[in-house]
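Presented below is the structure to which this report refers.
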Amino acid sequence: MKKTIAVKVNGIERSAEVEPRTTLLELVRERFSLTGAKLGCDIQVCGACTVLLDGKAVSACSVLAVDADGGELLTIEGLAGEGGLHPLQRAFMEHGALQCGYCTPGFILTAKALLDEQPRPTDQEIRDYLAGNFCRCGCYREILQAVRSAAGR
Ligand code: FES
Ligand code: FES
């Protein structure tokens, strides 16, 4: 049976009628046309689908849309502010921390969750926090540099 859910998405109240099996990733990509979060593994392993739900990084492929009802969602499309790109977005560009870009929204949002929790993480803390995000292009060194730089180190 379908259910109508309400979610604040990138600061805007949205609602949608969803099936019990609809994933959060399907909701943002197919219903809200926010295609920054990507489908990779579909089993909560690669991090390509990462979004922030109530400030926490979650794998949207493995969260049901109904479980986000009443929640607050941030996708990569909502990260830049009126002043322009978020410091993490700028740092990823400046450090060349992407090639194809498929993994990039997930890495940036996971890194945002980290910096919100721990503004000055060590390299090991960055590596540990990003351990659930895979980059098939192998940009790990540059991603580490970018997060370090966004943290002001
Ligand atoms: S697609 Fe969700 S973790 Fe890989
Ligand atoms: S930049 Fe291509 S998968 Fe990471």
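The values are calculated or read from the model by the stated rules, or taken from the named source; none is laboratory data. Bear in mind the structure is a predicted one, so any value in this text is a computation, not a measurement. Every residue, glycine as well, gets a Cβ built from its backbone with ideal geometry; the counts of neighbours run over all protein chains shown. In case anyone asks, the SASA skips ligands and DNA or RNA and just uses the protein heavy atoms, side chains included. Shrake-Rupley method; radii C 1.70, N 1.55, O 1.52, S 1.80 Å.
A count restricted to segment 105-143 and to residues that are open to solvent by 20 Å² or more (accessible area, probe 1.4 Å), more than 16 Å from ligand 1 (Cβ to nearest atom) and either in contact with a Gly (Cβ under 6 Å, 6 or more places away or on another chain) or part of a helix (DSSP H, G or I) (or both) stands at 12.
Pairs meeting the criteria (first residue in segment 87-105 and modelled with pLDDT of 95 or more and small (Gly, Ala, Ser), second residue assigned to a helix (DSSP H, G or I) and within 16 Å of ligand 1 (Cβ to nearest atom), beta carbons under 8 Å, at least 6 apart or on different chains) are 97/104; 97/107. I'd like to check something: does segment 16-27 contain any residue that is over 12 Å from the mean Cα position of the chain (by Cα), in a loop (DSSP other than H, G, I, E, B) and crowded, with 19+ Cβ neighbours inside 10 Å? The answer is yes, given that some residue of segment 16-27 is over 12 Å from the mean Cα position of the chain (by Cα), in a loop (DSSP other than H, G, I, E, B) and crowded, with 19+ Cβ neighbours inside 10 Å. Report yes if some residue within segment 84-100 is crowded, with 19+ Cβ neighbours inside 10 Å, within 13 Å of the chain's Cα centre (by Cα), of a type outside the set (Lys, Arg) and within 16 Å of ligand 1 (Cβ to nearest atom); otherwise report no. Looking for residues that are crowded, with 19+ Cβ neighbours inside 10 Å, within 13 Å of the chain's Cα centre (by Cα), of a type outside the set (Lys, Arg) and within 16 Å of ligand 1 (Cβ to nearest atom), one finds none in segment 84-100, hence no.
Residue check: residue 33 meets all listed conditions (1) within 26 Å of residue 130 (Cβ to Cβ); (2) part of a loop (DSSP other than H, G, I, E, B) but one, namely (1).
Can you tell me which residues in segment 36-56 are away from ligand 2 (no atom under 13 Å from the Cβ), open to solvent by 40 Å² or more (accessible area, probe 1.4 Å), part of a loop (DSSP other than H, G, I, E, B) and of a type outside the set (A, V, I, L, M, F, W, C)? Result: 42, 44, 54, 55.
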